[in-house]
Amino acid sequence: MRKMTNDQELVQAAGANVGELIDDLDKTYPGMKERLCDDNGNVRRFVNIFVNDEDIRFLEDKATAVKPGDEISIVPAIAGG
């Protein structure tokens, strides 16, 4: 994903919840939402998103609320064999 963010490890985004953050990221980095979400708008299975080290799948998924200062981590799953 760093290729999409001009090799930046940390980026800023605005929104009241994870879904809004993804939309904001897509405005700044076109194509980001397509990489993170499927055709139905759900976070792809191989993408893990954490809010302050908590997996959003165990919270409210994309509706998980965020506030200023929260750290959101987007971690693509790594497959191997």
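The values are calculated or read from the model by the stated rules, or taken from the named source; none is laboratory data. Not measured: the values here are computed from a predicted model. Here the Cβ is made from the backbone with ideal geometry for all residues, glycine too, and neighbour counts use every protein chain on show. Ligands, DNA and RNA are excluded from the accessible area calculation, which covers all protein heavy atoms including side chains. Shrake-Rupley method; radii C 1.70, N 1.55, O 1.52, S 1.80 Å.
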All-but-one check, A77 against (1) modelled with pLDDT of 95 or more; (2) open to solvent by 50 Å² or more (accessible area, probe 1.4 Å); (3) touching a strand residue (DSSP E or B) at 6+ places or on another chain (Cβ under 8 Å), failing number (1)
Matching residues in region 35-44 (of a type in the set (D, E) and either part of a helix (DSSP H, G or I) or buried (at least 18 other Cβ atoms within 10 Å of the Cβ) (or both)) number 0
For region 19-34, pairs from a residue that is part of a loop (DSSP other than H, G, I, E, B) to a residue that is surrounded by 13 or more Cβ atoms within 10 Å (Cβ to Cβ), with Cβ under 9 Å and 6 or more apart or across chains, are Y29/M1; Y29/M4; Y29/T5; Y29/V11; P30/M4; G31/M4
Those residues of region 5-18 that are open to solvent by less than 60 Å² (accessible area, probe 1.4 Å) and either on the phi > 0 side of the Ramachandran plot or in a strand (DSSP E or B) (or both) come to a total of 2
Output for Cβ contacts, cut-off 6 Å, separation at least six or different chains, first residue at positive phi in region 48-66, second open to solvent by 70 Å² or more (accessible area, probe 1.4 Å) and not in a helix (DSSP H, G or I), reads N52/E71
Would you confirm, using the coordinates I've provided, whether K67 is open to solvent by 30 Å² or more (accessible area, probe 1.4 Å) and in a helix (DSSP H, G or I)?
no
